[in-house]
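*Asks:* This structure is in C-alpha cells; I'll ask about it shortly.
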Amino acid sequence: MSYILKNPGMMFGLILEHLQMTGIAVLIAIAIALPLALLVTHYHWLSVPVLGFLGTLYTIPSLALIILLVPIFGLNRQSVVIAMIIYTQVILVRHFSVGLQAIEPTMLEAARGMGMNVWQRWWQVQVPLILPICLAGVRLATIVAVAIATIGAKFGAGGLGVLLFDGIAQSRDDKILAGAIVVALLAFVLNGILLGLESSSSPLRKIRQVSPPRAV
C-alpha cells in the first residue's frame, strides 16, 4: 500500500490507461456480438458453428493469442485490444442470444398487434427484456478484459500490468503488490457497478416498484 500512497499520480494514469483499454475493447466487442447474436437467434442452425468457433478461440491462452496478433498489428496496444475483443465474443454472443431466445413469440405478436413497428418492438419490448441477461454477459466480459489488459502491459499496452512486470523485473515486491491490489480493486468495482445495473434493469423489479402495496 505504501507504493500506492507515494505515487498517486502514476497510479491514476495507469488506472486510466487500463480503463481506456477495457472500455474500448468491451464497446467494440458489444457492437460485434449483438449482430452475431441476432443472426444466431434468427438462423438457429448457425448457433453451433458460430459459438463453437468462438469457443475455440476462447481456449487459446491469452498470451499466445496476443503473440499471434503481434506480427499483424504490431507490438502495441492495438494487438492487446483486439485480443480482448476476441476473448469476450463467446461470452457476449452466448448471453445475448440466450436473452433473445428467451423472449416469448407471443409477446412480439402482441406488440405487433398494438401497431408497433420493428424498431419500436426492439427498443420498447426486446431490449428491456434482454437487458439483465445482456448486462450479466457484459459484466463477465469486462472482468475478462481487465485481466487480459493486465497481461497486455508486457506488449507495450500500458495499464496496471506495468507495475507487475516492472516489479518482477526489478525484484520489487512493493510494485507487484501495488499492481495486484489495484487490479483486483478495479475488477471488484467494475463488477459491482455492472451488477447494480443488472439488478436495477430487471423487469420484475420495475414491476414491483410500480405495483401498489397490498392491503393488510
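The values are calculated or read from the model by the stated rules, or taken from the named source; none is laboratory data. Here the structure is a predicted model, which is why all the values come from computation and not from measurement. Cβ placement follows ideal geometry from the backbone for every residue including glycine, while neighbour counts extend to all protein chains displayed. All accessible areas refer to the heavy atoms of the entire protein, side chains included, with ligands and DNA or RNA removed. Shrake-Rupley method; radii C 1.70, N 1.55, O 1.52, S 1.80 Å.
*Asks:* Could you work out [θ]222 nm for the chain from helices alone, using -39500 (n - 2.57) per DSSP H run of at least four and dividing by all its residues? Round to the nearest 500 deg cm²/dmol.
*Replies:* -27000 deg cm²/dmol
*Asks:* What full-extension length gain, to one decimal in nm, is calculated for L57 and T106 as 0.36 nm per residue of separation minus the Cα-Cα distance?
*Replies:* Values: separation 49, 0.36 × 49 = 17.64 nm, distance 3.60 nm.
14.0 nm is the gain from fully extending L57 to T106.
*Asks:* Hey, another quick one. For L16 and L39, FRET efficiency with R0 = 35 Å and r from the beta-carbon atoms, rounded to 0.05?
*Replies:* It comes to 0.50.
*Asks:* Hey, another quick one. Roughly how far apart, in whole Å, are the Cα centres of the range 81-118 and the range 159-199?
*Replies:* Comparing the Cα centres of the range 81-118 and the range 159-199, I get a distance of 32 Å.
*Asks:* With axes computed from alpha carbons, what is the tilt in degrees of helix 62-73 against the longest principal axis of the chain, rounded to the nearest 10 within 0 to 90?
*Replies:* So the helix axis and the longest Cα principal axis differ by about 90 degrees.
*Asks:* Which whole-number value in Å² is the accessible area per residue of the chain, probe 1.4 Å?
*Replies:* Roughly 56 Å² per residue, with all protein chains present.
*Asks:* Rounded to the nearest percent, how much of the accessible area of the range 76-216 (1.4 Å probe, protein heavy atoms only) is carbon and sulfur?
*Replies:* C and S fraction of accessible area: 67 percent.
*Asks:* In sequence order, what are the phi-derived ³J(HN,Hα) couplings for the range 40-45 according to the Karplus relation 6.51 cos²θ - 1.76 cosθ + 1.60 with θ = phi - 60°, rounded to whole Hz, with x for glycine and proline?
*Replies:* For the range 40-45, the Karplus-derived couplings read 5, 5, 6, 10, 4, 5 Hz, x marking Gly and Pro.
*Asks:* Over all directions, average the projected area of the Cα convex hull of the range 1-68 and note it in nm².
*Replies:* 6.7
*Asks:* Convert each backbone phi in the range 154-170 into a coupling constant with the Karplus relation 6.51 cos²θ - 1.76 cosθ + 1.60 (shift: θ = phi - 60°), then list the ³J(HN,Hα) values in order as whole Hz, x for Gly and Pro.
*Replies:* 5, 10, x, 7, x, x, 5, x, 4, 4, 5, 6, 5, x, 5, 5, 9
*Asks:* What nm distance separates the two modelled labels at L185 and V48, each placed 7 Å from Cα along Cα→Cβ?
*Replies:* About 4.9 nm separates the two model spin labels.
*Asks:* For L160, enumerate residues with amide H under 5 Å from its amide H, sequence gap 5+ or separate chain, H modeled in the peptide plane.
*Replies:* Amide H to amide H, under 5 Å and 5 or more residues apart or across chains, L160 pairs with H18.
*Asks:* For the range 75-83, just list the computed ³J(HN,Hα) in residue order, Karplus coefficients 6.51, -1.76 and 1.60, θ = phi - 60°, integers in Hz, with x standing in for Gly and Pro.
*Replies:* After applying 6.51 cos²θ - 1.76 cosθ + 1.60, I find 7, 7, 5, 4, 4, 5, 5, 5, 4 Hz.
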